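Okay, structure first, notes after.
The values are calculated or read from the model by the stated rules, or taken from the named source; none is laboratory data. Owing to the predicted nature of the structure, the values given are computational and were not obtained by experimental measurement. Reconstructed Cβ throughout: ideal geometry from the backbone, glycine too, with neighbour counts over all protein chains shown. For the accessible areas, the whole protein counts, side chains as well, though only heavy atoms, and no ligand, DNA or RNA atoms are used. Shrake-Rupley method; radii C 1.70, N 1.55, O 1.52, S 1.80 Å.
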Amino acid sequence: MAEAYRDYADFLAEHFDGKVQKISINAGFSCPNRDGTVGRGGCTYCNNQTFNPDYCKPQLSVAEQIEKGKRFFSRKYPSMRYLAYFQAHTNTFAEISRLSALYEEALAQPDVDGLIIGTRPDCMPDELLDYLSRLNENHFVMVEYGAESSCESTLKLINRCHSWNDTVDAVNRTADAGIPVGLHLILGLPEENDDTIMSTIDAVSQLPVDTVKLHQLQVIKGTKLARDLEARLYTVPGYTVDEYIDLCSRIVARLNPSIAIERFTSQSPASLLISPQWGLKNYEFTHKLNSYLKTKGIRQGDLFNR
Ligand code: SF4
């Protein structure tokens, strides 16, 4: 643990020898929270335009997207290895025959050593997990679930259309299948405060989770969240940079030290972002946070409740 916390590089180093880079893929999936399968309209904060870099368009095949991504990254590191990151929408929301064809197309590309599959916790049938478990025997396979919060009233307010129990169930079944699990959490959701956020961190700390991605809530143009806030239907904490650094430092102290923290912030395109307008790149925020943790002598797990 080089920093005050276990980071994503620490996690990857346990699985790979050299440098590994994720390549985002938009395989053209839909989302069960948009097409009426579990809900309509999607999560209130979601605008899928914010998900993908330029090389990643569903008009291109998986192989073409990987090739473009590799060209982008290999300029700097010619010997780089890659993980195909199925990121946009819900990447397990299709028949297994279609899913397996897409996943295996990715794995067949030169220099691709594995898959990371982003999905919802209510969209992982046992049959698919069995298939992924078999794939995991010869390739690195990881599943990332969007959990966002453990607070049921928050999940309702943001229209996630799944429960925290769905997350617990999916994480446990995935870990039991021998597949590494990542969780995505949003900090600063409507009506949440320090207590609700720390309850989520404590709940996550009890699960067999390998990595977490933390993001500040971003209010994106054209979303229901933006309209609801405009109409003053509820409030969000709306952290300043310094408040968010302090929050992240308390999360680091509280989180189970075996869980790697992949990131603390995300950065939506400036043209779509309403707030917060921090004007900081992700790496600049991490640098500030690391200095803060060092100054305060905070290390991951200092306050972990076993
Ligand atoms: S955040 Fe994910 S689950 Fe929610 S609407 Fe967007 S794609 Fe669907």
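Odds and ends about this structure:
- Gly69 vs. criteria part of a helix (DSSP H, G or I), modelled with pLDDT under 95, closer than 26 Å to Leu135 by Cβ and more than 11 Å from the ligand (Cβ to nearest atom): yes
- The set of residues in the stretch 40-65 that are part of a loop (DSSP other than H, G, I, E, B), at pLDDT 90 or above and farther than 25 Å from His139 by Cα comprises Gly41, Gly42, Cys43, Thr44, Tyr45, Cys46.
- Only one entry in Lys296, Lys281 is surrounded by fewer than 19 Cβ atoms within 10 Å (Cβ to Cβ) and out of contact with any helix residue (DSSP H, G or I) (no Cβ under 9 Å at 6 or more places or on another chain), namely Lys281.
- Cβ-Cβ under 8 Å pairs, at least 6 apart or on other chains, the stretch 14-39 side assigned to a strand (DSSP E or B), far side open to solvent by 60 Å² or more (accessible area, probe 1.4 Å): Val20/Arg81; Gln21/Tyr77; Gln21/Arg81; Ser24/Phe51
- Those residues of the stretch 137-180 which are outside any loop (DSSP other than H, G, I, E, B), under 30 Å from Asp17 (Cα atoms) and not aliphatic (A, V, I, L, M), in sequence order: Phe140, Glu144, Tyr145, Gly146, Asn172, Arg173, Thr174, Asp176
- Residue match in the stretch 278-293 (condition: at pLDDT 95 or above, over 21 Å from the mean Cα position of the chain (by Cα) and of a type in the set (A, V, I, L, M)): yes
- Some residue of the stretch 105-115 being under 16 Å from the mean Cα position of the chain (by Cα), within 16 Å of the ligand (Cβ to nearest atom) and buried (at least 20 other Cβ atoms within 10 Å of the Cβ): no
- Per this entry, Pro58 is not counted among residues that are surrounded by 14 or more Cβ atoms within 10 Å (Cβ to Cβ) and in contact (Cβ under 8 Å) with a residue 40 or more places away in the chain.
- Total residues in the stretch 64-99, condition of a type outside the set (Asp, Glu) and either touching a helix residue (DSSP H, G or I) at 6+ places or on another chain (Cβ under 6 Å) or closer than 25 Å to Gly42 by Cα (or both): 15
- As a summary of the residue check, Leu183 satisfies the conditions (1) in a strand (DSSP E or B); (2) touching a residue at least 40 places away in the same chain (Cβ under 8 Å) except for the one numbered (2).
- Selection from the stretch 209-261 of residues that are open to solvent by 30 Å² or more (accessible area, probe 1.4 Å) and in contact with a Cys (Cβ under 9 Å, 6 or more places away or on another chain): Lys224
- Subset tally (residues that are small (Gly, Ala, Ser), within 20 Å of Ser266 (Cα to Cα) and touching a Ser or Thr at 6+ places or on another chain (Cβ under 8 Å)) for the stretch 151-196: 1
- Strands (runs of 3 or more DSSP E) lying entirely in the stretch 190-299 (those with 3 or more residues that are touching a Gly at 6+ places or on another chain (Cβ under 7 Å)): 211-216
- Qualifying residue in the stretch 75-85 (condition: within 16 Å of the ligand (Cβ to nearest atom), open to solvent by less than 50 Å² (accessible area, probe 1.4 Å), touching a residue at least 24 places away in the same chain (Cβ under 8 Å) and within 17 Å of Asn26 (Cβ to Cβ)): yes
- Residues in the stretch 5-41 that are surrounded by fewer than 20 Cβ atoms within 10 Å (Cβ to Cβ) and basic (Lys, Arg): Lys19, Lys22, Arg34, Arg40.
- Selection over the stretch 141-161 of residues that are surrounded by fewer than 19 Cβ atoms within 10 Å (Cβ to Cβ) and touching a residue at least 40 places away in the same chain (Cβ under 8 Å) gives a count of 1.
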